[in-house]
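Asks: Would you mind keeping the following structure in view while I ask a few things?
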Amino acid sequence: RNGKKEEEGKIMKRRTKRIIQKAVVYILVLIIVLTIALPYAWLVISSISTKADLISVPIHFFPERPTLQNYKDMIFGTGAQTTDAASQFLSAFKNSAIAAGTVTVVCLVIGLLAAFAFSRYRFRGKSLQLNLILFVQMIPPIAVIIPMYMIMLNLGMMDNIGALIIIYLSFTLPFVIWIMKGYLDGIPVDLEEAAMIDGCGRLQSFFVVVLPVASTGLASTTIFAFIIAWNEFFYALNFTSTSASKTLPVLITEFSSKYGADFILTSTAGVLASLPPVLLALVFQKYIISGLTSGAVKG
């Protein structure tokens, strides 16, 4: 009997320990979710509020008179009392889409081939080149802003969307190469050798066999590359000055006047600017998770 009671006691302790561990995990996850979701929820609430709702005391966590007029003013450029930034929103949105889209496509084309070469071929200086690519990622933007500014100024590319694309490529392309190399290293070489035995060339086996296997990693890398280029602020702030090349992160900082920042229009622009990366992340969520998991394990 004593032995049975001791066994039951051990079982109860293990169950209690599991329950406590699960409870701790759920509490931590809840804290993280709230930390991430609550600021964005307040951003959305502010975008459908009026100034009276935002300055009311006590504060209203949901507006008494919610309105979509702020989105109408932003999209159609009407009703902006304190700044003309709203009239430039669609232009800035287009510039961000062009820059982020072009950078993503170029990075995938060049980055995939470079990652394949680093993953499958042996050549002189391979380790040195990989370390140099990693070193580029470690350089802070403030350290290269003056040389880049002088180069673009001498080339006559200031306030040009093409200059932003070139600059974005300088730090997005190394990221894509490193990430995709990790995914390709985890794909067995035997698959390519089997394809080449069946008559495929090296490059053909890459596109026909390797690329479909690496589709999850490719999808997640594409999304991250797009988000990096879409959210970039520092270079865009220093290399753009007019609506011809100004991007959304820069434009959002201009919703202010001599009376202070216009929090309503800033919140509205923030919600609209966040939609493309948020929608991409939601649509391709399973690819991001599986891509990150597969990239972390070799073999």
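The values are calculated or read from the model by the stated rules, or taken from the named source; none is laboratory data. As the structure is a computational prediction, the values presented were derived from the model and not from experiment. A quick note on method: Cβ atoms are made from the backbone with ideal geometry, for glycine too, and the neighbour counts reach across all protein chains shown. Ligands, DNA and RNA are excluded from the accessible area calculation, which covers all protein heavy atoms including side chains. Shrake-Rupley method; radii C 1.70, N 1.55, O 1.52, S 1.80 Å.
Asks: As an exercise, use a Förster radius of 22 Å and the Cβ-Cβ distance of L275 and L28 to find the FRET efficiency, rounded to the nearest 0.05.
Replies: On the way: r = 29 Å, r/R0 = 1.30.
Efficiency for this residue pair is about 0.15.
Asks: Expressed in nm to one decimal, what extension gain is obtained for the pair I55 and I139 from 0.36 nm per residue of sequence separation less their Cα-Cα distance?
Replies: 26.0 nm
Asks: Carbon-plus-sulfur fraction of the accessible area of region 43-180, 1.4 Å probe, in percent?
Replies: The computed percentage sits at 71.
Asks: Are there any helices in the chain, counted as whole DSSP H runs, that stretch 20 Å or more along their axis by Cα and score at least -0.5 on average by Kyte-Doolittle, and if so which?
Replies: 2-47, 89-120, 161-185, 215-231, 263-283
Asks: What is the diffusion coefficient of region 114-215 in µm²/s, taking the Kirkwood radius over Cα pairs and the Stokes-Einstein relation at 4 °C with a viscosity of 1.567 mPa s?
Replies: This corresponds to a translational diffusion coefficient of 81 µm²/s.
Asks: Please return the longest range in the chain lying between exposed loop sites, taking trypsin sites (Lys or Arg not before Pro), DSSP loop only, at most 15 other beta-carbon atoms within 10 Å, and leaving the sites out.
Replies: With a cap of 15 other Cβ atoms within 10 Å, the longest stretch comes to 125-257.
Asks: Rounded to the nearest angstrom and ordered from largest down, what semi-axes does the equivalent ellipsoid of region 204-246 get from its C-alpha gyration tensor (root of 5λ)?
Replies: Working: eigenvalues 245, 23, 9 Å².
Calculated on Cα positions only, the semi-axes equal 35, 11, 7 Å.
Asks: How would the chain be classified by its alpha-carbon gyration tensor: rounded, prolate or oblate, with rounded meaning a/c under 1.5 and the a/b versus b/c comparison settling the rest? Write down the numbers at each step before the final one.
Replies: Values: a/c = 2.44, a/b = 1.12, b/c = 2.18.
Since a/c reaches 1.5 but b/c is at least a/b, the shape of the chain is classed as oblate.
Asks: Could you list log10 I(q)/I(0) for region 59-183 at q = 0.10, 0.13, 0.15, 0.19 Å⁻¹, which the Debye formula gives when each Cα is one point scatterer?
Replies: After summing over all Cα pairs, the log10 values are -0.54, -0.76, -0.87, -1.08.
Asks: Note the full-extension length gain between I36 and V283 as 0.36 nm times their separation in residues minus their Cα-Cα distance, in nm to one decimal. All intermediate terms of the calculation are to be shown ahead of the outcome.
Replies: Values: separation 247, 0.36 × 247 = 88.92 nm, distance 1.87 nm.
Fully extending the segment from I36 to V283 adds 87.1 nm.
Asks: Same structure, new question: Starting from 0.36 nm per residue, how many nanometres of slack lie between M12 and L155 once their C-alpha separation is accounted for?
Replies: 44.1 nm
Asks: For L211 and F123, FRET efficiency with R0 = 22 Å and r from the beta-carbon atoms, rounded to 0.05?
Replies: 0.50
Asks: May I ask you to derive the relative contact order of region 184-278, considering only C-alpha pairs under 8 Å and at least 6 residues apart, and to give it as an integer percent?
Replies: 19
Asks: What are the equivalent ellipsoid semi-axes of region 149-273, built from the alpha-carbon gyration tensor (square roots of five times its eigenvalues), in whole angstrom, biggest first?
Replies: Semi-axes from the Cα gyration tensor: 42, 18, 10 Å.
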